[in-house]
Amino acid sequence: MTEPTYISLSGPVLVSACLAGRTCRFDGSSSKDALVASLVAAGRAVLVCPEVDGGLGTPRPPAEIVGGDGKAVLEGRARVVTEAGLDVTEAYLAGARRALDAARRSGATAAILKSRSPSCGKGGVYDGSFSKTLRAGDGVTAALLEAHGLTVLTDEET
Ligand code: SF4
């Protein structure tokens, strides 16, 4: 697969760990992506899983953002909750901060993240109704990384 020109031709790239093949998705699966695999093979991938890094286990109940998108969560105007109503916002925020720390430590200025995730999604996330309905917006980690100047792409854009 040809690397897109808007990702630096050298240097580290932050990636969702599930795209690298780690079985860290909420249901214990992965979402291995060919471009991310090539970055791993080249030693350029910096793996983060904000939900696990924020303290959640695998498997874990799926969660969605209620009341907005990831930017709204960062601003305290929306929350991340499971379908059973458990508020997991603090874990999502902690994981986002860990991802930003990893970007800063590694020098990564771009990220390839998993689409539609309430943490990693960009451009569209589920709307909190647990009905597979998307709303415009980013996940919590994607929003934080973009707010700090990283270029964020999803696996569906690469
Ligand atoms: S989408 Fe992000 S938070 Fe979800 S499993 Fe993948 S890396 Fe972890």
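Listing for the model above:
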quantity	calculated
Residues of the stretch 110-158 classified as among the acidic types (Asp, Glu), closer than 16 Å to ASP33 by Cα and surrounded by 15 or more Cβ atoms within 10 Å (Cβ to Cβ), total	1
Any chance VAL15 is aliphatic (A, V, I, L, M), modelled with pLDDT of 95 or more and in contact with a strand residue (DSSP E or B) (Cβ under 6 Å, 6 or more places away or on another chain)	yes
Residue within the stretch 46-60 that is touching a residue at least 24 places away in the same chain (Cβ under 8 Å) and over 24 Å from ARG105 (Cβ atoms) present	yes
Filter result for GLY95 (touching a residue at least 24 places away in the same chain (Cβ under 8 Å), outside any strand (DSSP E or B) and over 21 Å from GLY124 (Cα atoms))	no
Enumerated strands (runs of 3 or more DSSP E) restricted to the stretch 105-155, each holding at least 1 residues that are away from the ligand (no atom under 11 Å from the Cβ) and free of Cβ contacts under 8 Å to residues at least 60 places away in the same chain	124-126, 134-136, 151-154
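The values are calculated or read from the model by the stated rules, or taken from the named source; none is laboratory data. Worth saying up front: this structure is predicted, and the values here are computed from it rather than measured. Note: ideal-geometry Cβ built from the backbone for every residue, glycine included; neighbour counts use all protein chains shown.
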